[in-house]
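Trainee: A single structure is presented below for examination.
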Amino acid sequence: MFKGFIDKSRAKSPWIMHFDCGSCNGCDIETLACLTPLYDVERFGIINVGNPKHADVLLVTGCVNHRNKSVLRNIYEQMPSPKAVIAIGACGLTGGIFRDCYNVVGGVDKVIPVDVYVPGCPARPEAIIDGVVEALNLFQQKQAG
Amino acid sequence: MQGLIFAIIAVVFAPVAGGLLAGLDRRVTAWMQSRQGPPIMQAIYDAAKLFGKEKLVVNRWQILCAWVYLIAAAMSVGLFFAQADLLIIFFVQAAGAVFLVMGALSARSPYSQIGAQRELIQILTYEPMLILVFVSMYLVVGSFNVSDILAYESPLIAKLPLMFIVLGYALTIKLRKSPFDFSTSHHGHQELVKGVLTEYSGPFLALIEVAHWYETVLILGVTALFWATSWYWMLLLLVCVYFAELLIDNTMARMTWRWMLRYVWGIGLALSFINFIWLYAR
């Protein structure tokens, strides 16, 4: 019974951690817009935490480069499992228009496993909320398996 | 025997009450910020989720410190509802609070180190205020026992109105409300990320969360002693006090620890002094 309640709670309380991995700030502004009273993601129990040790979901915006890929991996490894990663925006998915730059590694999934991809340039707040909700469904399956 | 039964009931139900109160707190805060806010059960969902997470610790001290903090908080609530001595309750609660700081100091992260130092200063600020409140109750009732204070025939708030304000300061610090929320706050992204709680994670953060609910119940219990003659007025007093806390939290900015120490000790000691003189004069 208690295990069932924990599984249910997991979907009801996703704490997100937002990492700007070299984005142009377009997607970051949209991500933070989710926290404003207009979208108010706290009604789903979503809280933006600044600490990977408390986070369940990692939101990554922007393309990964050679300087910050170790930072990204470090943050991912500090999160206690079960955890999910959401890549946001064209750059986070593939590297976007920067994919051919000499210093760019590419999308987030070149460095850490990504569960949900949210496209857009920038991604809309509705799409980001949708992505987090999608990640929660995966979350429960992860637990069951 | 009856005291023991009360204590067990309190230890079992205090976290539920504290959790629901924390949820209600967030709901009302959201209402004040014209948002919808999370469900009332949210704080309990958060804790349950944290219990189900992987156990990541920096060192074994953290495990011990989180457990001691929880057990001390639960014991102080149990002792309070068993109507024991206020001084014993105070010492048990203070010992637990220090263990929270020790756990944070055992990790080398600067966030948790500075958070722990600030938490120590917060403890230093509110504990003398709590002691003064207990002493004032002793001066009126003639006993530190909760059972004797409950048996006193007239409401204490009539004789200790200023001490009630002093307790309000301790309550605001203990609930981690603005302007006193600098060791850690309910939301991250302050200058210290999560301050004293930064290095606690997963189940151990959940233990600390539950301990925090116990402490909330304890301090609200002490508040309730001020009008213990009638259930109706006691409940009204608690609702008003908690609403005032939320109002203060939402209208104040976070200040610095220097300001807190000066302000709370200055005002708190002055109010206590006036109230004690008044008690003697009448």
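Trainee: Summing Lys, Arg as +1 and Asp, Glu as -1, what charge do residues with Cβ under 12 Å from the Cβ of B:Ala228 carry, B:Ala228 excluded?
Mentor: -2
Trainee: Restricting to DSSP H runs of at least four residues, report the calculated mean residue ellipticity at 222 nm for chain B, -39500 (n - 2.57) per run over all residues, nearest 500 deg cm²/dmol.
Mentor: Calculated at 222 nm, the ellipticity per residue is -25000 deg cm²/dmol.
Trainee: I would also like to ask the following. State the percent of C-alpha pairs, over all pairs in the protein assembly as shown, separated by a distance greater than 42 angstrom. Don't skip to the answer; put the middle values down first.
Mentor: On the way: 18140 of 90951 pairs.
Considering the protein assembly as shown, 20 percent of its Cα-Cα pairs are separated by more than 42 Å.
Trainee: With labels modelled as points extended 7 Å from the Cα through the Cβ direction, what inter-label distance (nm, one decimal) is found for B:Thr251 paired with B:Trp265?
Mentor: 2.8 nm
Trainee: Per the helix-only calculation at 222 nm, which mean residue ellipticity applies to chain A, given -39500 (n - 2.57) for every DSSP H run of n ≥ 4 and division by its residues, nearest 500 deg cm²/dmol?
Mentor: -11500 deg cm²/dmol
Trainee: Another one. Can you tell me what share of the DSSP beta bridges in segment A:16-140 is antiparallel? A percent to the nearest 5 is fine.
Mentor: Values: 2 of 16 bridges.
Restricted to segment A:16-140, the bridges split so that about 10 percent are antiparallel.
Trainee: Same structure again: What nm value, rounded to one decimal, do you get for the distance between A:Met1 and B:Leu139 when each label is placed 7 Å out toward the C-beta?
Mentor: According to this spin-label approximation, the distance is 5.0 nm.
Trainee: Let me ask something additional. Counting only Cα atoms, I'd like the Rg/Rh figure for chain B, Kirkwood definition for Rh.
Mentor: Numbers: Rg = 18.4 Å, Rh = 19.3 Å.
Rg/Rh: 0.96.
Trainee: Which FRET efficiency, nearest 0.05, do B:Asp85 and A:Cys121 yield, Cβ-Cβ r, R0 51 Å?
Mentor: E between B:Asp85 and A:Cys121, to the nearest 0.05, is 0.20.
Trainee: Could you identify which residue out of B:Leu205, B:Leu70, B:Leu56 has the top mean-square fluctuation in a GNM of chain B using Cα springs shorter than 10 Å?
Mentor: Between B:Leu205, B:Leu70, B:Leu56, it is B:Leu56 that shows the largest mean-square fluctuation.
Trainee: Quick one: angle between helix A:69-78 and the longest Cα principal axis of chain A, in degrees between 0 and 90, rounded to 10, please.
Mentor: Computed tilt is about 10 degrees.
Trainee: Using modelled backbone amide H atoms (1.01 Å from N, in-plane), which distant-in-sequence or interchain residues come within less than 5 Å of A:Val105's amide H?
Mentor: Those qualifying (amide H under 5 Å, at least 5 residues apart or on another chain) are A:Val64, A:Asn65, A:His66.
Trainee: With +1 on each Lys and Arg Cβ and -1 on each Asp and Glu Cβ, how big is the dipole of chain B about its Cα centre, in debye rounded to the nearest 20?
Mentor: Dipole size: approximately 520 debye.
Trainee: Something else: Scan chain B and hand back the longest stretch that contains none of the GluC sites (Glu not before Pro) lying in DSSP loops with at most 14 other Cβ atoms within 10 Å.
Mentor: Here the longest segment lacking exposed loop sites spans B:55-152.
Trainee: List, in order, the whole-Hz ³J(HN,Hα) value for each residue of segment A:83-96 obtained from phi through the Karplus relation with A = 6.51, B = -1.76, C = 1.60 and θ = phi - 60°; use x for Gly and Pro.
Mentor: 9, 9, 10, 10, 8, 10, x, 4, 5, x, 6, 9, x, x
Trainee: Give me the one-decimal nm value for the distance between modelled label points at A:Ile29 and B:Gln2, 7 Å along each residue's Cα-to-Cβ direction.
Mentor: 6.7 nm
Trainee: Now, a different point. Taking chain B as the reference, fit the longest principal axis to its C-alpha atoms, fit the long axis of helix B:2-32 to the helix C-alpha atoms, and give the angle between the two in degrees, 0 to 90, nearest 10.
Mentor: It works out to around 70 degrees.
Trainee: Is there a simple number for the mean count of other chain Cβ atoms within 10 Å of the Cβ of residues in A:77-86, and what is it?
Mentor: Taking all residues of A:77-86 together, the mean is 3.
Trainee: Go through the cysteines of chain A and tell me which have no other cysteine Cβ under 4.7 Å away.
Mentor: Result for chain A is A:Cys21, A:Cys24, A:Cys27, A:Cys34, A:Cys101, A:Cys121, no neighbouring Cys Cβ within the cutoff.
Trainee: Can you work out the base-10 log of I(q)/I(0) for segment A:14-129 at q = 0.18, 0.19 1/Å, using the Debye formula on its C-alpha atoms alone?
Mentor: Ignoring solvent entirely, the Cα scatterers give -0.84, -0.93.
Trainee: Based only on other Cβ atoms within 10 Å, what is the fewest-to-most ordering of B:Leu162, B:Leu236, A:Leu136?
Mentor: The fewest-first ordering by Cβ neighbours comes to B:Leu236, B:Leu162, A:Leu136.
Trainee: Let me ask you something else. Separation of segment B:232-262 and segment A:85-145 by C-alpha centroid, Å?
Mentor: So the separation of the two Cα centres works out to 42 Å.
Trainee: Report the net charge of residues surrounding B:Val239, where surrounding means a beta-carbon distance below 13 angstrom and charges are Lys +1, Arg +1, Asp -1, Glu -1.
Mentor: Counting the neighbours of B:Val239, the net charge comes to -2.
Trainee: Tell me, what is the FRET efficiency for B:Phe13 and A:Cys101 to the nearest 0.05, using R0 = 51 angstrom and their Cβ-Cβ distance as r?
Mentor: My answer for the efficiency is 0.30.
Readers should treat all values here as calculations from the given coordinates under stated rules, not as data from a laboratory. From a predicted model like this one, the values you see are computed outputs, not experimental measurements. Because the Cβ atoms are built from the backbone with ideal geometry, glycine has one as well, and the counts that use them run over all protein chains shown.
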